[in-house]
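Q: My questions all concern the structure below.
All of the numbers you see were taken from the coordinates with simple rules; none came from a lab. None of these values were measured; they are calculated from a predicted model. Methodologically, a virtual Cβ is constructed for each residue, glycine included, from the backbone with ideal geometry; neighbour enumeration extends over all protein chains shown.
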Amino acid sequence: MSDLDIQIPTAFDPFAEANAEFSGAGTREYVHIRIQQRNGRKSLTTVQGLKKESSYNKILKDLKKEFCCNGNVVQDPEQGQVIQLQGDQRKKVSAFLVQAGIATRDNIKIHGF
């Protein structure tokens, strides 16, 4: 009998990246920008994962003044502090965080639609 080189493909785990983030194996800290649909055309933008030493209230004040929208800081038991803004501000918030030097473009993940 001859030896056959059989390669069995390994199963692809689509959640491997997410599990690596929670396990602390990765050294990167991501800023997550998400959108939540409210009623009809209304929406809510959330920003989480900013550095702990960042002043969330000062960032929120600048975001509100820059985008002419309302918002607040919410304390979440799992995610920590989360910034909420009215409307779909995902791209604007991403550009603002890069321009202000709060986060780099590589560390920002935009979720939604």
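Q: Treating the range 53-93 as a set of equal point scatterers at the Cα positions, no solvent, please give the Debye-formula log₁₀ I(q)/I(0) at q = 0.15, 0.32 Å⁻¹.
A: -0.34, -1.18
Q: Moving on to the next point. Computed FRET efficiency, Cβ-Cβ of Leu44 and Ala100, R0 30 Å: what is it to the nearest 0.05? Don't skip to the answer; put the middle values down first.
A: Details: r = 22 Å, r/R0 = 0.72.
Once rounded, the FRET efficiency stands at 0.85.
Q: Any idea what the relative contact order of the range 32-113 is, in percent, if you count C-alpha pairs under 8 Å spaced at least 6 apart?
A: Working: 119 pairs, mean separation 29.9, N = 82.
Result for the range 32-113 is 36 percent.
Q: In nm, to one decimal, how far is the Lys109 label point from the Glu66 one, both placed 7 Å along Cα→Cβ?
A: The modelled label-to-label distance comes out at 2.2 nm.
Q: Quick check of the Kirkwood formula: for the range 22-113, what is the inverse mean of 1/r over all pairs of different Cα atoms, in Å? Intermediate results must be reported in sequence, preceding the final value.
A: Working: mean 1/r = 0.0736 Å⁻¹.
Averaging 1/r across every pair of different Cα atoms and inverting gives 13.6 Å.
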